[in-house]
Amino acid sequence: MTSIPYATQWIDDDDIAAVAAALKSPYLTQGPLVEEFEKAVADYCGVKYAVAMNSGTSALHAACHSAGITKDDEVITSPITFVASANAVLYCGGRPVFADVQEETVNIDPGEIKKKISSKTKAIIPVHFAGHPCDLEEIRDIAREHKLFVIEDAAHALGAEYKGSKIGSCKYSDMTVLSFHAVKHITTGEGGMVTTNDKRLYQELMMFRTHGITREASLLEKKDEDPWYYEMQELGYNYRLTDFQSALGVSQLKKLDNFVSRRREIVAQYHKTFSYLDGIIVPVEKSVVKSSWHIYPARVSGDRRGIFDRLRGKGVGVNVHYIPVYLQPYYQKLGYKKGICPNAESYYAQAITLPLFPKMSDKDVESVINIVKEVCG
Ligand SMILES: *Cc1c(COP(=O)(O)O)cnc(C)c1O
């Protein structure tokens, strides 16, 4: 029996041709296609600047660094996320502080953020879980009141909208981080990006991506130097994306809206049936947002492990997103205690992610629906 994975990329002949053409060009590492990809994403999101990185994780690290996160600073984020959202704070010497999630959306709860603010708090990293945008207006207001940075982790949310504006536009934040990992909305294999409307942050991100080096005349500390002159002004990394990956990104971006529509179509089909099953709680979409549905995180009221095993046994590649970050052994050793985010833990106890990806055929969708009905009905 072939099994249906929970997610997979969709690479077509146009994508392959675009990468092949890039490989035949003189640029293998960072060339003109990186800028073209950055511009295409910035235009799509409606934002001034975009800086490509070699992963979403490096993009998060660069964003935290550019926000000035340093030793002992606290950054508030969600426990229901991939570990990278919190790890980026640790890379900078800061301390992630987990604020509990809303039961309904499983997104960080603005009321819980308020409770976690201290004199050490420097930033908030809201994560648009499953592609459903967080309460950005409330989060922006809290950030303004306490002079905090907002860095959106939008690894799940390219193509999503909040109150009519695209995620990535940074209308309510200082920076937004995207990922182009294979399971995300569009892929470059590995890859990521930071978007911002702030020129100073943009310059920081550009330097951090390449060893802290700049050649920009206006930024140099020593003026009127020789033409080969460059300066390393801070400790950066090599976080550059390649030109051939950017070629894939440009080609994939053209299909983003179709990918999101197909995801939404599949979700509508799931909702139609699963809303009537007693054993399943379906994920919600608030009326002020358009979710880009990165995943379909359902909750089951019965024996989750048994249901998980039976679905896997019948070829439905279910998964679980996520184990609350602070329950990971590394975080436990840092002193985070079980029980600090009760909503996150009770969500995790019931969570089960059903297959959802644009390449899913109608037959696959029907087959998932029938098997879920049989197992959870
Ligand atoms: C995928 C993901 C990341 C990290 O992105 P990579 O490109 O895999 O490094 C960060 N945050 C969230 C929520 C993610 O899902």
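The values are calculated or read from the model by the stated rules, or taken from the named source; none is laboratory data. All figures in this text were calculated on a predicted structure; none of them were measured in a lab. Cβ coordinates were reconstructed from backbone atoms using ideal geometry, including for glycine residues, and neighbour counts include every protein chain displayed. When the accessible area is computed, the model is the full protein with side chains, heavy atoms only, and any ligands, DNA or RNA have been set aside. Shrake-Rupley method; radii C 1.70, N 1.55, O 1.52, S 1.80 Å.
Observations on the model:
- Enumeration of residues in segment 329-342 that are farther than 13 Å from PHE98 by Cα and under 22 Å from the mean Cα position of the chain (by Cα): TYR330
- In segment 120-127 there is no residue matching the filter, namely being closer than 30 Å to ALA20 by Cβ and away from the ligand (no atom under 14 Å from the Cβ).
- Where a residue in segment 142-159 is without any contact (Cβ under 8 Å) to a residue 12 or more places away in the chain and its partner, wherever it lies, is open to solvent by 20 Å² or more (accessible area, probe 1.4 Å) and not in a loop (DSSP other than H, G, I, E, B), with Cβ under 6 Å and at least six apart: none
- Counting only helices (runs of 4 or more DSSP H) that fall entirely inside segment 266-360 and contain at least 3 residues that are within 15 Å of VAL375 (Cβ to Cβ), the qualifying elements are 304-313.
- Single unsatisfied condition, CYS376 versus (1) modelled with pLDDT of 95 or more; (2) touching a strand residue (DSSP E or B) at 6+ places or on another chain (Cβ under 7 Å): (1)
- Those residues of segment 145-202 which are aromatic (Phe, Trp, Tyr) and near the ligand (Cβ under 9 Å from one of its atoms), in sequence order: PHE180
- Tally, over segment 31-76, of residues that are acidic (Asp, Glu) and at positive phi: 1
- PHE98 vs. criteria modelled with pLDDT of 95 or more, more than 12 Å from the ligand (Cβ to nearest atom) and closer than 21 Å to ASN343 by Cα: yes
- SER173 assigned to a loop (DSSP other than H, G, I, E, B) and within 20 Å of ALA88 (Cα to Cα): yes
- Scanning segment 7-44 for residues that are in a loop (DSSP other than H, G, I, E, B) and exposed (fewer than 13 other Cβ atoms within 10 Å of the Cβ) yields a total of 5.
- Subset of segment 310-333 [among the aliphatic types (A, V, I, L, M) and closer than 25 Å to PRO110 by Cα]: VAL320, ILE323, VAL325, LEU327
- ARG240 vs. criteria modelled with pLDDT of 95 or more, among the basic types (Lys, Arg) and either part of a helix (DSSP H, G or I) or open to solvent by less than 50 Å² (accessible area, probe 1.4 Å) (or both): no
- Within segment 115-133, tally of residues that are under 23 Å from ILE167 (Cβ atoms) and either out of contact with any Ser or Thr (no Cβ under 8 Å at 6 or more places or on another chain) or not assigned by TED's automatic domain parsing to the domain that holds GLU161 (or both): 3
- Only a single criterion out of (1) touching a His at 6+ places or on another chain (Cβ under 8 Å); (2) open to solvent by 20 Å² or more (accessible area, probe 1.4 Å) is not satisfied by ALA351, namely (2).
- Total residues in segment 200-230, condition open to solvent by 70 Å² or more (accessible area, probe 1.4 Å) and not in a loop (DSSP other than H, G, I, E, B): 3
- Any chance GLU190 is out of contact with any His (no Cβ under 9 Å at 6 or more places or on another chain), touching a residue at least 24 places away in the same chain (Cβ under 8 Å) and open to solvent by 10 Å² or more (accessible area, probe 1.4 Å): no
- Residues in segment 157-201 that are more than 17 Å from ILE69 (Cβ to Cβ) and hydroxyl-bearing (Ser, Thr, Tyr): TYR162, SER165, SER169, TYR172, SER179, THR187, THR188, THR195.
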